[in-house]
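Rule-based calculations on the coordinates, nothing more; no lab input. A quick note: this is a predicted structure, and the numbers were derived from the prediction, not measured. For neighbour counting, all protein chains shown are included, and Cβ atoms are generated from backbone atoms with ideal geometry for every residue, glycine included.
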Amino acid sequence: MIQECVHNDQQREFLLGIAPLFWWMSPENVLELDLDAIVETVLNYGTEAEVSQLFRLYGVEAVARIFKERAYQVRSNYFPPVRHFFNLYFSRHVPQYSN
């Protein structure tokens, strides 16, 4: 399920701040990314502070739902250590994640 790319002002500021993670795109195009791509990139390449801000701005439950839908598909771009870590993290911190 692809999420719409409608962001509030704080989310837009966050996305412009992490634009270097999307080095192949212009910063303005980062604002057009869907939430699936944002979550995947921040979890794979972001700093601890960027991951924390992602959780605060979009909600840890929403991030966990997207991660769960995408991380274990046949074709997944999550690095194995990232997939393992966030599977453990969400299992502990998001009650509905393991259902």
Once residue 77 and residue 32 are pulled to full extension, the length gained, defined as 0.36 nm per residue separation minus their Cα-Cα distance, is 14.2 nm
With the Cα gyration tensor of segment 10-98 in hand, give its eigenvalues times 5 under a square root as the equivalent ellipsoid semi-axes, listed largest first in whole angstrom.
22, 14, 11
Segment 42-60 scanned against label point 7 Å out from residue 88 along Cα→C-beta; backbone N under 19 Å for 43-49, 51-52
